[in-house]
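Take a look at the structure below.
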Amino acid sequence: MDDIVAAEENHDENHGFGEIFIHQLIETIEFALGTVSNTASYLRLWALSLAHSQLADVFYEKLLGDLALSSKSDFSFIMLFLIFPVFFSFTFFVLL
């Protein structure tokens with residue numbers, strides 16, 4: 001067993017230029033692919049965030065803005081009280 005350990009310690013590997021070049025080329029390609037993949041992932045998250053923001057604006061504008069907040073009567077408070085749970089439910093289920 002000691003002979004194997006001693007042989008491993010004294011074993012110096014000489015790598016040629018071609019082998020080092022190929023290894024570094026593979027590492028560079030992996031790094032570039034990882035960078036592109038991460039960038040695409042963050043762009044997808046950004047697009048999803050924008051879509052959710054626009055959808056929330058539409059829900060707010062159509063449900064609360066047009067139906068409950070547009071009228072100036074005493075009935076608008078009751079409409080707001082009735083429509084807010086619908087708005088909250090739509091918003092909550094879109095976020096899921």
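No lab work stands behind these numbers, since they all come straight from the coordinates. Please read these numbers as outputs of a predicted model, since none were measured by experiment.
For the range 14-61, the Cα gyration tensor yields ellipsoid semi-axes of 46, 5, 4 Å (square root of five times each eigenvalue, largest first, whole Å).
Sorted from greatest to least, the principal axis extents spanned by the alpha carbons of the range 14-96 come out as 88, 18, 10 Å. Residues in the range 41-56 carry Karplus couplings, in order, of 5, 5, 5, 5, 5, 5, 5, 5, 5, 5, 5, 5, 5, 5, 5, 5 Hz; the curve used is 6.51 cos²θ - 1.76 cosθ + 1.60 with θ = phi - 60°, and Gly or Pro positions show x.
Roughly speaking, what is the stretch gain from S89 to H15, that is 0.36 nm per residue apart minus the C-alpha to C-alpha distance, in nm to one decimal? Please report the intermediate quantities before stating the final value.
On the way: separation 74, 0.36 × 74 = 26.64 nm, distance 6.45 nm.
Taking S89 through H15 to full extension adds about 20.2 nm, to one decimal.
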